[in-house]
1. State the percentage of accessible surface on segment 77-183 attributable to carbon and sulfur atoms; use a 1.4 Å probe and exclude ligands, DNA and RNA.
2. Holding the Cα-Cα limit at 21 Å, pick out from LYS326/LYS398; LYS76/LYS373; LYS341/LYS376 the pairs that are longer than that.
3. If the chain between LYS103 and THR260 were fully stretched, how many nm would it gain, using 0.36 nm times the residue separation less the Cα-Cα distance?
4. Taking the alpha-carbon centroid of each part, what is the distance from segment 51-66 to segment 268-289 in angstrom?
5. Let me spell out the model: positive unit charges on the Cβ of Lys and Arg, negative unit charges on the Cβ of Asp and Glu, origin at the Cα centre of segment 200-335. What dipole size does that give, in debye rounded to 20?
6. How large is ³J(HN,Hα), in whole Hz, for each residue of segment 360-371 in order, when computed from phi with the Karplus curve 6.51 cos²θ - 1.76 cosθ + 1.60 and θ = phi - 60°, using x for Gly and Pro?
7. Sticking to Cα atoms, compute the Rg of segment 43-389 to one decimal and its Dmax as the biggest Cα-Cα distance, whole number, in Å.
8. Amide H neighbours of GLN139 under 5 Å, at least 5 residues apart or on other chains, H built in the peptide plane: list them.
Amino acid sequence: MKYVAVVLASAMLFMGSCSKKNEQKEEVRKKDPHALRYDSLDWKADFKPMKYTQAELNDYRNKLNTFYKDFWVDGKVSGGLLVVKNGQVLLEEYQGMADERHKRPITAETPIHIASISKVFTSMAILKLVEKGKIKLDQKVNTILEGFPYNDITVRNLLNHRSGLPNYANVLWNNKKVMMDREKPISNQDVLDIFREFDVKQIRPADKGFYYSNTNFAFLALVIEKIMKMDYPKAMKYMVFDPLEMNHTFVFDYDRDKDTVARSYKYNGYEWAWDDFDRTYGDKNIYSTPRDLYKLDVAMYSDDFLPKKIKKEAFKGYSYEQKGFKNYGLGMRLLEYDNGKKLLYHNGWWHGNNTVFVHDVNNQFTIIALGNKQNKNIYSAFKLAGLTGTYPLKAPNKDSMRLHQKPIVPKTTAKLSTKVSR
């Protein structure tokens, strides 16, 4: 476990300087209520802040406030929205209920199920293991996981959704015998055992094309457990959550947390019931807050958190079988444009939770939208990236978009996969 101590020590060093500047931060808060409303990470020396005039920042805030009223308040969104540019909090708002039965409102400290944004966390942990030489990106998964029944799949294939594996939910729901024999929700190990026992076939051989599948990240969670010799929730806390001081972030434990976490609601207000897939993790089942996710966003800029050579591998596209600007890296979606600009992001959906995470390196612009009541207006936050003028994305407004319609995601001239990002 020596390498884990190195990971932890490195990350804690990254965080350590925060405490030295608390007094300065408090002074900043007093002067500007929009800046550093909370203890965020210090920008690293290799992060070079862009300069913006107060008029430019005010213009952003005015447009964001209009968006918030039109799409969140009028759209009856339940959740939290945080938009940050160059370290300046431009908008931070919370509304709705974490628990209707007990009249518990959503606040800045309310963890919400982040759905497939969990994949970003899983990928970060895997990449840290790669950095420390404990696994290799092109290592065959069957050399790590005992009984893994596919000879051609590598760690990289799981990370970039090029394994060819079908989605485990579809596989299991279609196998009535497996589902009828269940007495409790299915675990990650159950998924692996069932795939092996029932000889589940790949949709295509590994690295022959992109196919978005939650199975990939469920198996990556098992890789983390195998290497770390601890379960995924503890490993994530030890490797990522604690070093980045993400105090309101955790992996959902079905038996421990199902009666206390923020509930998930259908659009009509009915509570979403738990089901057979609420015990699996890696692909989902992390709860977090916009403020905590912003800490991860900042860490992703730092070469101390992930070396440049690792980020170069992670934040590039891998699927070019068909033309288009949508692609996927190692745990992150990206849009790649002809002008060389690329936008990193990940959306999420699970039960009534809809989520958006945009990591815009070109503009040091962050968009985090988390909702716990089924409402597709939440996805409109993605297109706020169009406010920078860098990408061919039109910022949402009530005149150009109808509320409550299908998720707002970029269209591509040629489909990269058969499914929208989840």
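1. Details: 1820 of 3900 Å².
Taking all protein chains in place, segment 77-183 shows 47 percent carbon and sulfur surface.
2. Over 21 Å apart, Cα to Cα: LYS326/LYS398; LYS341/LYS376.
3. 55.2 nm
4. 36
5. Taking the Cα centre of segment 200-335 as origin, the dipole is about 700 debye.
6. Calculated HN-Hα couplings, in order: 8, 5, 4, 10, 6, 10, 10, 10, 10, 10, 10, x Hz.
7. Here Rg and the maximum Cα pair distance are 19.9, 63 Å.
8. Those qualifying (amide H under 5 Å, at least 5 residues apart or on another chain) are VAL155, ARG156.
The values are calculated or read from the model by the stated rules, or taken from the named source; none is laboratory data. Keep in mind that what you see is a predicted model, and the values were worked out from it rather than measured. Here the Cβ is made from the backbone with ideal geometry for all residues, glycine too, and neighbour counts use every protein chain on show. With ligands, DNA and RNA removed, areas are computed over all heavy atoms of the protein, side chains included. Shrake-Rupley method; radii C 1.70, N 1.55, O 1.52, S 1.80 Å.
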